[in-house]
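Peer 1: Have a look at this one before I ask anything.
Derivation of every value follows stated rules applied to the coordinates shown; laboratory data play no part. Please read these numbers as outputs of a predicted model, since none were measured by experiment. Don't worry about glycine lacking a Cβ; one is built from the backbone with ideal geometry, like all the others, and counts go over all protein chains shown.
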Amino acid sequence: MFRSMFVLGVMACTALPAVDTITDADINAGSVINWQSTDTIFLDGKVFVEEEAILTIHPGTIIKAKHYESFDDFSALIINPGAKIHAVGTPEKPIIFTSELDDLQSTEPINHFGWNGLWGGVVILGKAPTNSADGTGKFYPNRINEWAYGGDESEDNSGELRFVSIRMAGYSQLFSREEPIIEDNSGDRFELAALTLGGVGSGTKINHVEVYNSADDGFRFMGGTVNTKYLCATHCGDNLFDTQEGYRGHNQFWFAYHRKVAVRWAGDNQDVVDFEIHDKPYRRVPTPLFCATHSSGSDNQPISRPIVANATYMAKDFSYFPSIYAETYASPTYVNGFFNDLGPVDVDGYTLMRMEEPDGPLFANNIWSRVLGHGSDFMWNDVCMDTLSKHFRRNGNIMYGSMLYGQQLLTFENEHHVYSQLEPRPYRHIECDSDSNKAFVDLYDIASLDGGSFIDSVGFKGAFNPCTTQVWLRNWTAFDKYGYLAHNDTTFCPPRNCTKNYSLTQRTSQAQFQMNLTQVAGAIRGACTLTESQSITVHLYDARGRVVAAMNLGRREAGRHEFRLSPRGLAAGSYLVRLRAGDRVFNRNVVLVR
């Protein structure tokens, strides 16, 4: 291991911390490594922590990564399957991962349009399941074997991250070149989030982790079952939270602040360049705050089903760009959240049709403030307005105008300056019997969530307790250090004598409606039982969300009613039957056999 010592000038006579330069050759299989706060760790290139190795990083340690001017290489810390990282800091002594170009002594906000993507980030690879064909995944399927992850160990333990700040990271060939430098035979791009989690198991502990100014995603979950609490993602160039490949974990207290951040552009097409910094071209990139995807549009199991309670998402300049995107077959759950100054929720067709299924997407008891720049009504993507808006209303979501204290996000900051500090707790003068009070006190019953024992039952919405002045972002995050976070001694408690919990049992209740399906000679026969008079329509959808057959039964009285769909010319495969009875929608899967 190369070791060097820098010393201040003769007049100061004070030694700087030692600098340990770490390369990939320094951490071998089975090694036990300790990084101390008395040293500054310098990552030179991609450093793999090999199988059975244990890396312990002590509170207050600073890890700086070498910056490569070329897009062909980058520095990163990769924890391989079977290895462990124990990076446990404190609010007073956080562990900081950043670039060698980061001046940690400065408290001035950095220019976000030039200080991201300076290194790759932190990657943890585990042995928990993904939904790929063989349950494993690789970043470079045909080129680099070290990047493999996944397996059948749902409770796999890759260690612990606590009070960790990851800054100026993220790597994306999608933005760096029009043709990727490294690709598999299918041409897949290679991207790294600031914190990339591939097949990480539920035995791993991740809480109080910040991602600041990433060129790509903030947090990316690629399969796995890891649970998280107290995550902060701000100023990222792509999604702040991205879940893929069958990720099924429980999460609580996520904070995200998003704006159009620029990433360095090295393609030939200069028409997309928005401006230059130090004679280097950059382009602005608007992306959703949260993206739930599956696996190349397939229906491989398990489906991606991230559960997120008590999220607070805020954005600037995003009122007409999707804030939450659920791709086909993905099934996210968001409950008791606070969302401010965002664009619409965008749900793909097949996922949209599953919104009333017991394991379908769920958005329940959330506060939506100034969505699409308005506060008067739900305004969603036109394609899914009917089903999605009814789902939101039926599940306790409430929309209002601005609920921020003091300055709004429109005047919060620009590329170079922070004009006012942000109070992330929802604020509203309310009375116990007012309609607006429901936004605060109508809480989703956490106990009703599948496997929800990890999630704490708390008496508020969003990521921050309005009844305390202690916001958990203070002291250890860059978001606080650079002056974005308000230190407000005011509390915003709602009246406590009218707090009530709602379990929303109507989501899975079939007491009002029952439907049975059978297939006979290429036809699909169904029967439904109504307990009251309703108008009934039936549609058949293919896997791409297209209507391939439909019928209108008209208004029917209470009782049993049969229907028959006889689609012609359809290939064998999976389809979805969607029956609408009044304002309620019910879906059932059916396999057509020819």
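Peer 1: Pull up all non-local amide H partners of ALA315: gap of 5 or more, or a different chain, and H-to-H distance under 5 Å with H placed in the peptide plane.
Peer 2: The answer is HIS258, ASN340.
Peer 1: Another question, then. In terms of modelled amide H atoms, which long-range or inter-chain residues lie less than 5 Å from the amide H of LEU553?
Peer 2: Distant-sequence amide H within range of LEU553: ILE536, THR537, VAL538.
Peer 1: While we're here: Could you order peptides 148-156, 361-369 by the average number of other Cβ atoms within 10 Å of their residues, highest first?
Peer 2: So the peptides 148-156, 361-369, ranked by packing, come out 361-369, 148-156.
Peer 1: Hey, another quick one. Under a plain spin-label model, where a point goes 7 Å from the Cα along Cα-to-Cβ, how far apart in nm are ALA572 and THR490?
Peer 2: 6.7
Peer 1: What is the extension gain from ARG393 to GLU51, computed as 0.36 nm multiplied by their sequence separation minus the C-alpha to C-alpha distance, in nm to one decimal? If you can, show how the numbers build up before the last one.
Peer 2: Values: separation 342, 0.36 × 342 = 123.12 nm, distance 4.92 nm.
My answer for the length gained is 118.2 nm.
Peer 1: Could the peptides 78-88, 200-210, 217-227 be put in order, highest first, of the mean number of other beta-carbon atoms found within 10 Å of their residues?
Peer 2: My ranking of the peptides, most packed first, is 217-227, 200-210, 78-88.
Peer 1: Subtracting the Cα-Cα distance from 0.36 nm times the residue separation, let me have the gained length for THR23 to GLU532 in nm, one decimal. List each step's numbers first, then the result.
Peer 2: Details: separation 509, 0.36 × 509 = 183.24 nm, distance 7.06 nm.
Here the segment from THR23 to GLU532 would lengthen by 176.2 nm.
Peer 1: Whose amide H sits under 5 Å from the amide H of HIS86, counting only residues 5 or more places off or on another chain, with H placed in the peptide plane?
Peer 2: Counting only residues 5 or more places away or on other chains, the set is LEU55, THR56, ILE57, GLU160.
Peer 1: In sequence order, what are the phi-derived ³J(HN,Hα) couplings for segment 75-82 according to the Karplus relation 6.51 cos²θ - 1.76 cosθ + 1.60 with θ = phi - 60°, rounded to whole Hz, with x for glycine and proline?
Peer 2: 9, 6, 10, 10, 9, 6, x, x
Peer 1: In the structure displayed, which of LYS93/LYS461; LYS93/LYS127; LYS93/LYS229; LYS127/LYS481; LYS46/LYS84 lie more than 24 Å apart, Cα to Cα?
Peer 2: From LYS93/LYS461; LYS93/LYS127; LYS93/LYS229; LYS127/LYS481; LYS46/LYS84, over 24 Å: LYS93/LYS461; LYS93/LYS127; LYS127/LYS481.
Peer 1: Another one. Taking the Cβ of each residue in TRP472, TRP254 as the centre, tally the other Cβ atoms inside 10 Å and list the residues starting with the fewest.
Peer 2: By the 10 Å Cβ count, ascending, the order reads TRP472, TRP254.
Peer 1: Output the peptides 325-333, 163-171 sorted from most to least packed, where packing is the average of other Cβ atoms within 10 Å over each peptide's residues. It would help to have the intermediate numbers written out before the result.
Peer 2: Numbers: 325-333: 23.7, 163-171: 27.2.
Top to bottom by mean Cβ count within 10 Å: 163-171, 325-333.
Peer 1: Turning to a different aspect of this structure: List, in order, the whole-Hz ³J(HN,Hα) value for each residue of segment 332-342 obtained from phi through the Karplus relation with A = 6.51, B = -1.76, C = 1.60 and θ = phi - 60°; use x for Gly and Pro.
Peer 2: Whole-Hz 3J(HN,Hα) from phi for segment 332-342: x, 10, 10, 9, 6, x, 10, 10, 10, 6, 10.
Peer 1: Residue separation times 0.36 nm, minus the C-alpha to C-alpha distance between GLU69 and LEU553: what's the value? Display every interim value, and only then the final one.
Peer 2: Working: separation 484, 0.36 × 484 = 174.24 nm, distance 6.57 nm.
In short, 167.7 nm is gained.
Peer 1: Can you give the local net charge around TRP476? Use residues other than it whose beta-carbon is closer than 14 angstrom to its beta-carbon, Lys and Arg +1, Asp and Glu -1.
Peer 2: Charge balance near TRP476 sits at +2.
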